[in-house]
Amino acid sequence: MLEKSVMDAPFLKEMLETTYNMWRFGWDERNGGNISCLLKEEEVSPYLNVNGALRVIPLDLPVPELAGCYFIVTGSGKYFKNVKTNPADSLGVVRVSPKGNELEVLWGLADGGSPTSELPAHFLSHIARLKQDPDHRVIMHNHATNIIAMTFTHDLNERLFTKTLWKMCTECIVVFPDGIGILPWMVPGTDAIGMKTAAKMADRRLVVWPHHGIFGAGTSIDETFGLIETAEKAAQVYSIASAHREGIKQAISDEELWRLAEEFHVTPAEGILTVKI
Ligand code: 2HA
Ligand code: ZN
């Protein structure tokens, strides 16, 4: 018999707060956005029975690399605005089966619900990030307004896009020295967009889907939220500044970005800044 209610689990509380904050920020209108967070068995087992499953969901795209991994995920079609009031309907705790071809539902996804429609992008990105960083845990997708706006007005070259954001706020190059990946426009919810997203995630933690939104990866919900928040803030500054009648008159120079990188011990992604003399 489990002594603790899953409603007291820190991983659940954090999801409730985060989905609500993302909605408040205007990043997750209607059922927009999705989150998946890797959990350790010892985080889950005090709250949920891990020796069985409520039901299993077959995976179209098997992920043997994630066999046995536990995740909390947002559900397909669920509104971030409502997660707080209806967690068992909006979220699920799942485990990837030993062969990687099924999801074992341990809690939530009530009434036959499914995990996020972007599950291929999430799972393949988790696999890509875990190869780079054993502490990786979170994939987060949303419709950050100013990032989307920028995909209409800015060149979609990822180096130029990254450089513009680095120049908008001093902290950007420190927070995402690895830069931003950009896909061509693609149909969401498919294995194809999942594979392209994960390929970009091999050497960076932010991937923009033009005219749709952004994917972020990180070691915690807080860190991943902060990463997207920083890029979104810079995109907002860009939109405000570039819409100004006078245009952008000055920005942080490449030389100043190098000085920042040096001071904060980060390595800027190659080929973006003019070569340091
Ligand atoms: O879940 O954001 O990209 C809704 C979406 C799909
Ligand atoms: Zn989306």
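The values are calculated or read from the model by the stated rules, or taken from the named source; none is laboratory data. Bear in mind the structure is a predicted one, so any value in this text is a computation, not a measurement. Neighbour counts run over all protein chains shown; Cβ positions are idealised from the backbone, glycine included. Accessible surface is based on the protein model in full, side chains and every heavy atom, while ligands, DNA and RNA are left aside. Shrake-Rupley method; radii C 1.70, N 1.55, O 1.52, S 1.80 Å.
Against the conditions (1) open to solvent by less than 10 Å² (accessible area, probe 1.4 Å); (2) farther than 23 Å from A198 by Cα; (3) part of a strand (DSSP E or B); (4) not polar (S, T, N, Q), L12 satisfies every one except (3). For the stretch 82-89, check the following and say yes or no: at least one residue is open to solvent by less than 60 Å² (accessible area, probe 1.4 Å), part of a helix (DSSP H, G or I) and either within 17 Å of F215 (Cα to Cα) or touching a His at 6+ places or on another chain (Cβ under 9 Å) (or both). No.
Return the residue satisfying two criteria in turn: it lies in the stretch 258-277 and is assigned to a loop (DSSP other than H, G, I, E, B) and open to solvent by 80 Å² or more (accessible area, probe 1.4 Å), and of such residues it is modelled with the lowest pLDDT. If we take residues in the stretch 258-277 being assigned to a loop (DSSP other than H, G, I, E, B) and open to solvent by 80 Å² or more (accessible area, probe 1.4 Å), then I277 is modelled with the lowest pLDDT. When the stretch 15-67 is filtered for residues that are closer than 22 Å to G112 by Cβ, basic (K, R) and either away from ligand 2 (no atom under 16 Å from the Cβ) or surrounded by 20 or more Cβ atoms within 10 Å (Cβ to Cβ) (or both), only R55 remains. Can you tell me which residues in the stretch 130-181 are charged (D, E, K, R) and touching a His at 6+ places or on another chain (Cβ under 6 Å)? Result: no residue meets the conditions. Look at (1) at pLDDT below 95; (2) of a type in the set (D, E); (3) not in a loop (DSSP other than H, G, I, E, B) and you find that E246 fails only one, number (3).
I need the full set of residues from the stretch 68-81 which are open to solvent by 10 Å² or more (accessible area, probe 1.4 Å) and in contact (Cβ under 8 Å) with a residue 60 or more places away in the chain, in order please. Across the stretch 68-81, the qualifying residue is only K81. Would you confirm whether or not the stretch 121-129 contains a residue that is within 15 Å of ligand 1 (Cβ to nearest atom) and charged (D, E, K, R)? No, there is no match, as no residue in the stretch 121-129 is within 15 Å of ligand 1 (Cβ to nearest atom) and charged (D, E, K, R). On inspection, L124 fails the criterion of being outside any helix (DSSP H, G or I) and crowded, with 22+ Cβ neighbours inside 10 Å.
The residue that is least open to solvent (accessible area, probe 1.4 Å), counting only those in the stretch 127-147 that are under 21 Å from D203 (Cβ atoms) and in a loop (DSSP other than H, G, I, E, B), is H136.
Scanning the stretch 231-257 for residues that are open to solvent by 60 Å² or more (accessible area, probe 1.4 Å) and either under 15 Å from G179 (Cβ atoms) or out of contact with any Ser or Thr (no Cβ under 7 Å at 6 or more places or on another chain) (or both) yields K233, Q236, I240, A243, H244, R245, E246, K249, Q250, E255, E256. Residue by residue through the stretch 19-31, note down the ones that are within 13 Å of the chain's Cα centre (by Cα) and part of a loop (DSSP other than H, G, I, E, B). Those that are within 13 Å of the chain's Cα centre (by Cα) and part of a loop (DSSP other than H, G, I, E, B): W27, D28. Counting the residues of the stretch 139-169 that are within 16 Å of ligand 1 (Cβ to nearest atom) and more than 16 Å from the chain's Cα centre (by Cα) gives 1. On the stretch given as the stretch 194-220, residues that are open to solvent by less than 10 Å² (accessible area, probe 1.4 Å) and in contact with a Lys or Arg (Cβ under 8 Å, 6 or more places away or on another chain) total 5. The requirement of being in contact (Cβ under 8 Å) with a residue 60 or more places away in the chain and within 16 Å of ligand 1 (Cβ to nearest atom) is fulfilled somewhere in the stretch 87-109, by at least one residue.
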